[in-house]
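J.: Would you mind keeping the following structure in view while I ask a few things?
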Amino acid sequence: MWWDERVSARFRRNLQPTLTYWSVFFSFGLCIAFLGPTLLDLRCQTQSSLSQITWVFFSQQFCLLLGSCLGGVFKRTLAQSLFALFASSLAISLVFAIIPLCHNVVVLAVVMAVAGLAMGCIDTISNMQLVKIYQKDSAIFLQALHFFVGFGALLSPLIADPFLSDTNCILSNSTANASSNLPHIRKSLVPHHPGNLSHYDLPMKGMVVTRVSYAFWIMALINLPVPIAVFFLLYKERMVPCFNSSSHPLLSADELAMETRPTEKDDLSTTVQRPHAAGGHDDLFSCCQSKNFRGASYTYFAVHITGALVLFMTDGIVGEYSGFVYSYAVEEPLSVVHKVAGYLPSLFWAFITLGRLISIPVSYRMKPATMVFINVVGVLLTFLLLLIFSYSVVFLFVGTASLGLFLSSTFPSMLAYTEDILQYKGCATTVLVTGAGIGEMVLQLLVGSIIHDQGSYSFLVCGMIFGGLAFIFYAFLLFFHRMYPKPSSDMDEASPDKPAVMDDTGQYQR
């Protein structure tokens, strides 16, 4: 194997929980990408206008952010985390099954809000659990985790595509005139920003003809094994109420003999509780309590803030670029035909997924700080070249692929790097997940308004500014890392086995 035996042994010991968290993140990706291509069919199903249906986008994104903030509430114990993941992944399957039954746009918005809350909980809890299990070895597993969200985000539009309406799915007298514009409208819809589409007169009354329900039911069935996998993990750990009468052996006797020495068994409980005693991995509201600030240096806050600001910018770029690259391409000066421009968002997400796959082995050989530096510099240079060659359609495709690669591993690398700085005692995971979610929502709304007022060229200018700010905030993070007080045990870190004995047991912690 391309990693060392210590990491491989730890992965084997935690195989089932690791695969479960990866599968739950696949469920997250499946739910995050289906709304864009299916929104016109959902508009027909609910017989609503374009401006009304885009509120469904907003309800999902806002509640995703809220769920990310609240996800840490369920991190008090392992049982709470797993029950929250079980409920969230099951809720996503139920949402897919219920969506075809929603014939009112308000009801649909409420259902998507529930999906957003579930996705936010999944985002926070899965990242936190992997960080807690693997700690200094978490970078490679976080890269794999975020590969699965990319894979799910690629799969759901492919499932939906055969069932999308080729003509207007509300039959009326104006159907013929509106149908020719459907591909353009479908690619241009972004959260709460119909933009220049308001002049298209799509019928709101008439006979509804759509087959998109089949796509949602297929996705519900594909997602169903995920809550089942979480339930099996609960069953294995004997946390299901009917099977919780006996003790919970986390590892077999042989694995315990390999991992711990006989003299360390008495200290196991204190070792497991150490991250909680240090006040780490709480929800956002617990992180803000004054008791967590006592004795903390200013660099403690600075690391949290600058790390969140980097992801605010980079995840914001992901949201605004995937949302508006089509609209930019079809406008002057490029004037790409609609069908060709429609490949750009798919190309962007494909290279994000490919980049996350490549980052899995790379992250084992390269430090997270180095990967983040390469990412933010690559994003900045890509936008610079996109501005220089703004009249080249070929380079727009090349730049889109390059941007996807550089943005792909930024979040997991930044999360691993920041947790390393704070020695897994701060609130980095919660703060970074929340910062990324706010950035994705806010920057998309901001860029949509700027493009509407200033024209399509401002799309690249905004990306260049956001990339530059991400680089500046990362430089500040490096500075505060140098200023952050190091633990006394750092003198002994030359031994590769030292952290496994002193810092954590490498076991699946409760």
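The values are calculated or read from the model by the stated rules, or taken from the named source; none is laboratory data. Here the structure is a predicted model, which means the values were calculated and not measured. Counting neighbours? That spans all protein chains shown, and the Cβs are built from the backbone with ideal geometry, glycine included. SASA here: full protein model, heavy atoms, side chains in, ligands and nucleic acids out. Shrake-Rupley method; radii C 1.70, N 1.55, O 1.52, S 1.80 Å.
J.: Please calculate how many Å² of accessible area the range 297-485 carries per residue, with a 1.4 Å probe and no DNA, RNA or ligand atoms counted.
T.: For the range 297-485, the solvent-accessible area averages 38 Å² per residue.
J.: Considering only the other residues whose Cβ falls under 13 Å of the Cβ of L443, what net charge follows from Lys and Arg at +1 and Asp and Glu at -1? Working shown, then result.
T.: Working: positive: none; negative: D315, E320, E440.
Every neighbour counted, the sum reads -3.
J.: Any idea what the dipole of the range 297-485 comes to, in debye rounded to 20, about its Cα centre with Lys/Arg Cβ at +1 and Asp/Glu Cβ at -1?
T.: Approximately 540 debye in magnitude.
J.: Which shape class, rounded, prolate or oblate, goes with the range 324-392 when its Cα gyration tensor gives a ≥ b ≥ c as root eigenvalues, a/c under 1.5 marks rounded, and past that a/b bigger than b/c marks prolate?
T.: It comes out oblate by the Cα gyration axes.
J.: Could you tell me the accessible area of D420 in Å² (1.4 Å probe, neighbours in place), rounded to the nearest ten?
T.: My reading of the accessible area for D420 is about 40 Å².
J.: Follow-up question, since we're still on this one. Hey, what's the per residue convex hull volume over the C-alpha atoms of the range 297-485, in cubic angstrom?
T.: In the range 297-485, the Cα convex hull volume per residue is 103 Å³.
J.: If you don't mind, another one. Can you give the local net charge around Q16? Use residues other than it whose beta-carbon is closer than 11 angstrom to its beta-carbon, Lys and Arg +1, Asp and Glu -1. Before the final figure, lay out each step's value.
T.: On the way: positive: R12, R13, K236; negative: E237.
Residues close to Q16 contribute a combined charge of +2.
J.: Right, here's the next one. What's the center-to-center distance, using Cα atoms, between the range 462-484 and the range 97-146 in Å?
T.: Distance between centres, Cα-based: 27 Å.
J.: Report the gain in length on full extension from F389 to V442: 0.36 nm times residue separation, minus Cα-Cα distance, nm rounded to one decimal.
T.: Using 0.36 nm per residue and subtracting the Cα-Cα distance, I get 16.3 nm.
J.: When the accessible area of the range 297-485 is computed with all protein chains present and a 1.4 Å probe, what percentage of it is carbon and sulfur?
T.: Its accessible area is 73 percent carbon and sulfur atoms.
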